[in-house]
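Peer 1: For reference, the structure I am asking about is given below.
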Amino acid sequence: MSAFVALDGVSHVYAARGGSSGGTLAVDGLSIAVENGEFAAVVGPSGCGKSTLMKLATGLQFPVKGTVQVAGEHVTQPVKIAGMAFQAPTLLPWRTTLDNLLLPLEIVEPHRSQIRRRRGEYVERAEKLLASVGLGGMGSKFPWELSGGMQQRTSLCRALIHEPQLLMLDEPFAALDAFTREELWCVIRDLHAARKITVILVTHDLREAVFLADRVFVMSARPGRVLVERPIDLPRPRDLDVTFTPGFQDIVHELRSHIVRARQ
Amino acid sequence: MTRSEFYVRSAPWLYTLAMFLLWEAAVHIFKIPTFFLPPPSAIAVTIVEYWGPIYRNSLFTLSTTLIGFGLAVGFGLLLGLAVGWSRAIYAGLYPLMIGFNAIPKVAVVPILVLWFGIGFLPAVLTAFLISFFPIVVNVATGLATIEPELEDVLKALGASKLDIMRKVGIPRTLPYFFGSLKVAITLAFVGSVISESIASNYGIGNLMLQAQAQFQVPLIFAGLIALAVEGIVMYWLMAVLEARMTGWAQRSGFAQT
């Protein structure tokens, strides 16, 4: 069986602004394979095409060369089985937290055609999900009444509400303070463990990558491709304490040296 | 009510009163003749004396303004959504609209008169022409500034462009839209009065023109006051509407201290 998310020899060029020739080569010869249920982290120097990887894997962009497969199918349109969360929570300020969570259900099938009839059921599901990330009873608040960390939790919930098989996270914790960030690592860790979904996390934070991932991919400077693939064999469930062990630190240092080399 | 809150509440009335008092005092102190700048007291007397014509013409101006404004809201909203929807429509229409907006509307009135005669219709159309531009620009801006990440989140779920427009584009455009109404309504008054003073037998613009011909300077100023009052009332209505419809967008406490 092939991998759940498989990019094979992918190159992607962004057209230069204003048309004409000479676009930017964002990724070149990028190959990556993520197994079903695996937690993959992608790290690399800034501007290495990590976000391009996200867009390619979700069918928001299509490569000029190479193939992208998700769940065994060639990606020719947005994949619809993915949930996404970004550095900015991008919640809708005119909707309550609960209504923000229901947004994906108003769009994705089969929920879209059922949301009128089964609204009560969906609301219950959303409230359960909120409770699972420590936001029980916050559904009626507006996003701007929540703290940054709570907004990001809501954003994660929105990415998960339609029970996607693939969760794509683009530096979701980069804007948070260190303590909130570590709290949310545990939230993500538990969600992944409970739901057995495939996660691809793009991050700058090596500790985050090592703590959460089964495998870490190190990308080269632009145009990006995978330089190193590092399995993380720390036993699960992992506790935050593991981040202070020598074994953990060694892996972080090893990845760091790869990135330093990639930047040169 | 606290002390500072009381000051904030009464400030609009106090400041307005102060302006009229200063005006009155200046006219007396510098002995400015009434035919040059009448004092507010003389204007007040004129308003009472000519209440009938002022009232009737104000209503006329208000009606042409509101109809023109209503057209501007409808067209402006549609055109703004179209311009925000497609980059091609944007590229095609934008220079046209800017060029059109740069034309002084006073220059268009003679053409409108040529087509529609004098009076009601040219006033409505001038009000419409002058006030629809800010609505278009604001609606289009609201759509153009959708966060690309949010667009990605929805697209990855298989959302169509129409979905994104309905769920995100239009709601997030509303604060821009209602904000533009405040600008547009005051511009609409400018438009209808311009048209009335050039080509109409009714309206405040026409009243002021006749008062000028007869050298009734206090009556000219009475007309200006009537316009200002109508303008303030309509602006206030738009502001209330804005606060009601888009309260979520106005949570800053910036100007409250």
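Peer 1: Computed FRET efficiency, Cβ-Cβ of B:W236 and B:L96, R0 30 Å: what is it to the nearest 0.05?
Peer 2: 0.35
Peer 1: How many angstrom separate the Cα center of segment A:142-214 from the Cα center of segment A:57-112?
Peer 2: Here the two parts' Cα centres lie 16 Å apart.
Peer 1: Quickly rank A:211-221, B:106-116 as a protection proxy: mean count of other C-beta atoms within 10 Å, highest first.
Peer 2: A:211-221, B:106-116
Peer 1: What ³J(HN,Hα) values, in whole Hz, does the Karplus curve 6.51 cos²θ - 1.76 cosθ + 1.60 give for segment B:229-243 when θ = phi - 60°, with x put for Gly and Pro?
Peer 2: Computed from phi, the couplings for segment B:229-243 are 4, 4, x, 5, 4, 5, 4, 4, 4, 5, 5, 5, 4, 4, 5 Hz.
Peer 1: Moving to a separate point now. Among the aspartates and glutamates, which have Cα under 15 Å from the Cα of B:K161 when same-chain residues fewer than 8 positions away are ignored?
Peer 2: B:K161 reaches A:E106, B:E147, B:E149, B:E151, B:D152.
Peer 1: Can I ask one more? Can you give the relative contact order of chain B as a percent, counting alpha carbon pairs under 8 Å and 6+ residues apart?
Peer 2: 26 percent
Peer 1: Just counting partner chain Cβ atoms within 10 Å, what average do the residues of peptide A:103-114 show around their Cβ?
Peer 2: Across A:103-114, the average partner-chain Cβ count within 10 Å equals 4.
Peer 1: Any idea what the dipole of segment A:91-163 comes to, in debye rounded to 20, about its Cα centre with Lys/Arg Cβ at +1 and Asp/Glu Cβ at -1? Don't skip to the answer; put the middle values down first.
Peer 2: On the way: 11 positive and 8 negative charges, 24 e Å.
So the dipole magnitude of segment A:91-163 works out to roughly 120 debye.
Peer 1: Expressed as a whole number of Å, what is the distance separating the alpha-carbon centroids of segment A:220-264 and segment B:188-257?
Peer 2: After rounding, the separation between the Cα centres reads 67 Å.
Peer 1: Working out 0.36 nm times the residue gap between B:L78 and B:F20, then minus their Cα-Cα distance, what length gain in nm do you get to one decimal?
Peer 2: Residue separation times 0.36 nm, minus the Cα-Cα distance, leaves 16.6 nm.
Peer 1: To make sure I understand, if each residue's beta carbon is the centre and we count other beta carbons within 10 Å, what order do A:Y14, B:Y176, B:Y90 fall in, fewest to most?
Peer 2: Exposure proxy ranking, most exposed first: A:Y14, B:Y90, B:Y176.
Peer 1: Taking the alpha carbon gyration tensor of the protein assembly as shown, what are the square roots of 5 times its eigenvalues, largest first, to the nearest whole Å?
Peer 2: The answer is 61, 26, 21 Å, longest axis first.
Peer 1: Still on this structure: Which residues' amide hydrogens lie under 5 Å from the amide hydrogen of A:V202, considering only partners 5 or more residues apart or on another chain, with H built in the peptide plane?
Peer 2: Hits under the 5 Å cutoff: A:V42, A:L169, A:D170, A:E171.
Peer 1: Relative contact order (percent) for chain A, with alpha-carbon contacts under 8 angstrom and 6 or more residues of separation?
Peer 2: So the answer I get is 26 percent.
Peer 1: Still on this model: Which one, B:A82, A:G139, A:T154, projects farthest toward the positive side of the charge dipole computed for the protein assembly as shown from Cβ point charges (K/R +1, D/E -1)?
Peer 2: My answer, from the dipole projection, is B:A82.
Peer 1: Let me ask something else about it. Arranged from highest to lowest average of other beta-carbon atoms within 10 Å per residue, in what order do the peptides A:40-53, A:177-190, A:98-111 appear?
Peer 2: A:40-53, A:98-111, A:177-190
Peer 1: Enumerate the aspartates and glutamates that B:K105 could reach by cross-link, defined here as Cα to Cα under 17 Å, with residues fewer than 8 away along the same chain left out.
Peer 2: B:E196
Peer 1: So what's the back-of-envelope 222 nm ellipticity for chain A, counting only DSSP H runs of four-plus at -39500 (n - 2.57) apiece and dividing by all residues, rounded to 500?
Peer 2: The helix-only estimate for chain A comes to -11000 deg cm²/dmol at 222 nm.
Peer 1: Under a crude label model (7 Å from the Cα following the beta-carbon direction), how far is B:V48 from A:R256 in nanometres?
Peer 2: 8.6 nm
Peer 1: Here's something else I'd like to know. Might you report the magnitude of the Cβ-based charge dipole of chain B about its Cα centre, with Lys and Arg at +1 and Asp and Glu at -1, to the nearest 20 debye?
Peer 2: My answer is approximately 240 debye.
Peer 1: Taking R0 as 41 Å, what FRET efficiency do you get between A:K65 and B:T141 from their Cβ-Cβ distance, rounded to the nearest 0.05?
Peer 2: Approximately 0.65, to the nearest 0.05.
Peer 1: Also, quick follow-up: Mind giving me the FRET efficiency for A:L227 and A:S46? R0 is 22 Å, r the Cβ-Cβ distance, nearest 0.05 is fine.
Peer 2: Calculated transfer efficiency: 0.90.
Peer 1: Another question, then. If you average the C-alpha positions of segment A:32-46 and of segment B:144-175 separately, how far apart do those two centres end up, in angstrom?
Peer 2: Spelled out, the Cα-based centre of one part sits 28 Å from the other.
Peer 1: Any aspartates and glutamates with Cα under 13 Å of the A:K141 Cα? List them, leaving off those in the same chain fewer than 8 positions away.
Peer 2: A:D99, A:E127
Peer 1: Moving on. In peptide A:209-220, what is the residue-averaged number of other protein chain Cβ atoms found within 10 Å of each Cβ?
Peer 2: Values: counts 0, 0, 0, 0, 0, 0, 0, 0, 0, 0, 0, 0.
Taking the mean over all residues of the peptide, I get 0.
Peer 1: Would you mind putting B:137-147, A:126-136 in packing order, based on average other-beta-carbon counts within 10 Å, highest first?
Peer 2: Sorting B:137-147, A:126-136 by mean packing, highest first, produces B:137-147, A:126-136.
Peer 1: Measuring from the lowest to the highest alpha carbon on each principal axis, how far does segment A:91-163 reach, largest first, in angstroms?
Peer 2: 33, 23, 18
Peer 1: Could you give the size of the charge dipole of the protein assembly as shown about its Cα centre, using +1 on the Cβ of each K and R and -1 on the Cβ of each D and E, expressed in debye and rounded to the nearest 20? Please list the in-between numbers first.
Peer 2: Working: 44 positive and 39 negative charges, 125 e Å.
For the protein assembly as shown, the charge dipole is close to 600 debye.
Peer 1: Also: Quick one: B:L227, B:L17, fewest Cβ neighbours within 10 Å first, how do they rank?
Peer 2: Going from least to most buried by this count: B:L17, B:L227.
Peer 1: Describe numerically, in nm with one decimal, the distance between label points set 7 Å from Cα along Cα→Cβ at A:E163 and at A:L234.
Peer 2: 3.1 nm
Peer 1: Please compute the average number of Cβ atoms from other chains found within 10 Å of each residue's Cβ in peptide A:91-97.
Peer 2: 4
Peer 1: Separate question: For segment A:163-264, what's the relative contact order in percent, using C-alpha pairs closer than 8 Å and at least 6 residues apart?
Peer 2: Details: 97 pairs, mean separation 25.3, N = 102.
Relative contact order, segment A:163-264: 25 percent.
Peer 1: How many nm separate the modelled label positions at B:Q212 and A:R263, each set 7 Å beyond the Cα in the direction of the Cβ?
Peer 2: Modelled inter-label distance: 7.0 nm.
Peer 1: Per DSSP helix of 4 or more residues, -39500 (n - 2.57); summed, then divided by the residues of chain B. What does that give at 222 nm, rounded to the nearest 500?
Peer 2: Mean residue ellipticity, 222 nm, calculated: -27000 deg cm²/dmol.
Computed from the coordinates by the stated procedures, all read-outs in this text should not be read as laboratory data. Quantities reported herein were computed from a predicted structural model and do not represent experimental measurements. Cβ coordinates were reconstructed from backbone atoms using ideal geometry, including for glycine residues, and neighbour counts include every protein chain displayed.
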